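Read the structure below first, then the notes.
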Amino acid sequence: MDYRDLINLKRYPVDQYGEVLDDRIAAVQAELTQDRCAVLSGFLTEEGIAALKEEADQSAPHAHCTFNQTNSYFTEDDPNLPKDHPNRRFYDRSNAFVPADKFHTTGALRSVFDAPGFDAFIQNCLQEKHFFRYADPLADAIINLAEAGPGFPWHFDTNNYNVTLAIQNAEIGGEFEYAPAIRDANGNENFDEVSRVLDGTSEKVKRFNLQPGDLQLFRGRYSLHRVAPLTGSRRRYVAILSYVEWPNMVATPERAKQLYGRVLPIHLERAGLRSDTLID
Ligand SMILES: O=C(O)CCC(=O)C(=O)O
Ligand SMILES: [Fe+2]
C-alpha cells in the first residue's frame with residue numbers, strides 16, 4: 001500500500017522536512033518533557049485506520065496468546081518483604097501478539113512503518129541519539145490484541161520508550177492509565193506512591209483512551225502505567241513499533257519463545273552476544 005494514503009501527511013508530513021514538521025516535532029518534544037507521554041492525534045487517515053483494522057482482523061488468528069501473573073516489575077515474588085509491598089502484588093495478565101513476520105511487506109502496517117522519514121521523525125520526537133530499529137524479525141512491528149479480560153496490569157517498562165499506534169478500542173474499558181515519573185533513575189522507587197496507584201487512591205494517575213489512528217510515544221521506564229481491564233466483544237488493537245539503542249539487537253531465545261511462541265535461527269545465533277534485553 002502507499003503510505004501517502006495511510007498517514008495523514010497534511011498534519012504530519014514525515015516525508016518532507018519543513019516548518020510544519022518542525023512545529024509538530026517541537027510540540028511532541030514539549031509534551032514528552034512535561035508528561036512522559038505524547039499523543040499524535042489523527043496520525044492515520046480514515047483509509048489508514050480501516051486498512052490497519054482489516055489487517056489486524058486478518059492476522060488475529062496468528063496471535064500468540066499467553067496468560068500469567070505479574071507484579072509491576074516483572075520480578076519474582078520476594079517472601080522476605082511485607083505482603084502488601086508493591087513487589088509482592090501480582091495481577092493477572094493476558095496477552096496476545098501477532099508476530100512481525102505475519103505482516104506482508106506491502107501491507108498497511110509495514111507501509112506505515114517503512115514510510116520515508118518515519119523513523120527519523122520518531123527519533124527527533126524522542127530526541128534519542130542512539131536509535132535503531134529492533135532487528136528482530138518477529139518483533140519490529142507487531143499488533144497487540146486484547147479481548148475481554150484483565151488488560152495489561154500496572155507495570156514499569158523495561159525499555160525506555162514505546163511507540164504505539166491505536167487501531168481499535170474495546171467496547172468498554174482498555175483505557176491507558178499512567179502516573180508520570182513516579183520513580184527516577186537514581187533508584188528512588190517511591191513505593192508509597194506506587195502502592196497508592198495500585199490501591200486506586202493516587203492523585204497522580206492520568207487516564208485516556210487513544211482514538212483509532214492516534215500515535216502514542218510514551219516513556220514508561222519510570223512511569224507506572226497499565227491498560228485497564230476491558231469488556232465487550234470488540235477486541236482492542238494496537239500496533240507496537242520497536243526501536244532500540246544498538247543495531248542488530250534481537251530478543252533472547254527465551255523471550256522470543258515466551259512472547260511469540262517461536263524461536264528463529266537468528267535468536268540462537270545472537271544469543272550470548274548481548275549484555276541485556278531492554279525491550280518489552
Ligand atoms: O497497549 C498499550 O497501549 C501499551 C501496552 C504497554 O504498556 C506495553 O506494551 O508495555
Ligand atoms: Fe508498558
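Read-outs throughout are calculated quantities, based only on the coordinates presented, and are distinct from any laboratory measurement. From a predicted model like this one, the values you see are computed outputs, not experimental measurements. Backbone-built Cβ (ideal geometry, glycine too); neighbour counts: all protein chains shown.
Counting each DSSP H run of 4 or more residues in the chain as -39500 (n - 2.57), what helix-only mean residue ellipticity at 222 nm follows after dividing by all residues, to the nearest 500 deg cm²/dmol?
-7500 deg cm²/dmol
Taking R0 as 41 Å, what FRET efficiency do you get between residue 207 and residue 80 from their Cβ-Cβ distance, rounded to the nearest 0.05?
E between residue 207 and residue 80, to the nearest 0.05, is 0.75.
Under 16 Å from a point 7 Å along the Cα-to-Cβ line of residue 69: which residues of the range 126-161 have their amide N that close?
The answer is 150, 153-154.
Quick one: which residues, 5 or more positions from residue 168 or on another chain, have an amide H under 5 Å from its amide H? H modelled 1.01 Å from N in the peptide plane, none for Pro or chain starts.
Close amide H contacts, sequence-distant or interchain: 237.
Run the quick spin-label model on residue 245 and residue 158: label points 7 Å from Cα toward the beta carbon, then report their separation in nm to one decimal.
Between residue 245 and residue 158, the simple spin-label model gives 1.5 nm.
Once you've got the Cα coordinates, tell me which of 102/206; 83/129; 53/83; 129/257; 10/53 are over 32 Å apart.
102/206; 83/129; 53/83
Net charge near residue 1: determine it from the other residues with C-beta under 10 Å of the C-beta of residue 1, scoring Lys and Arg +1 and Asp and Glu -1.
Net charge in that neighbourhood comes out at -2.
Run the numbers for residue 172 and residue 233: contour at 0.36 nm per residue of separation, minus the present Cα-Cα distance, in nm.
Gain on extension, residue 172 to residue 233, equals 21.0 nm.
Mind listing the phi-derived Karplus ³J(HN,Hα) values for the range 231-239, rounded to whole Hz, using 6.51, -1.76 and 1.60 with θ = phi - 60°, and x for any glycine or proline?
3J(HN,Hα) across the range 231-239, in whole Hz: 9, x, 8, 7, 6, 8, 10, 9, 8.
Expected output is a single nm value to one decimal: the length gained when fully extending between residue 15 and residue 46, i.e. 0.36 nm times separation in residues minus the C-alpha distance. What is it?
Using 0.36 nm per residue and subtracting the Cα-Cα distance, I get 9.3 nm.
Residue 71's amide H: which non-local residues (gap 5+, or another chain) put their own amide H closer than 5 Å, with H modeled 1.01 Å from N in plane and none for Pro or chain starts?
Placed amide hydrogens put 91 under 5 Å from residue 71.
Once you put a point 7 Å from the Cα of residue 58 and another 7 Å from the Cα of residue 129, both along the Cβ direction, what distance in nm separates them?
About 4.3 nm separates the two model spin labels.
For the range 204-212, just list the computed ³J(HN,Hα) in residue order, Karplus coefficients 6.51, -1.76 and 1.60, θ = phi - 60°, integers in Hz, with x standing in for Gly and Pro.
Ordered by residue, 3J(HN,Hα) equals 8, 7, 9, 9, 7, 10, 5, 9, x Hz.
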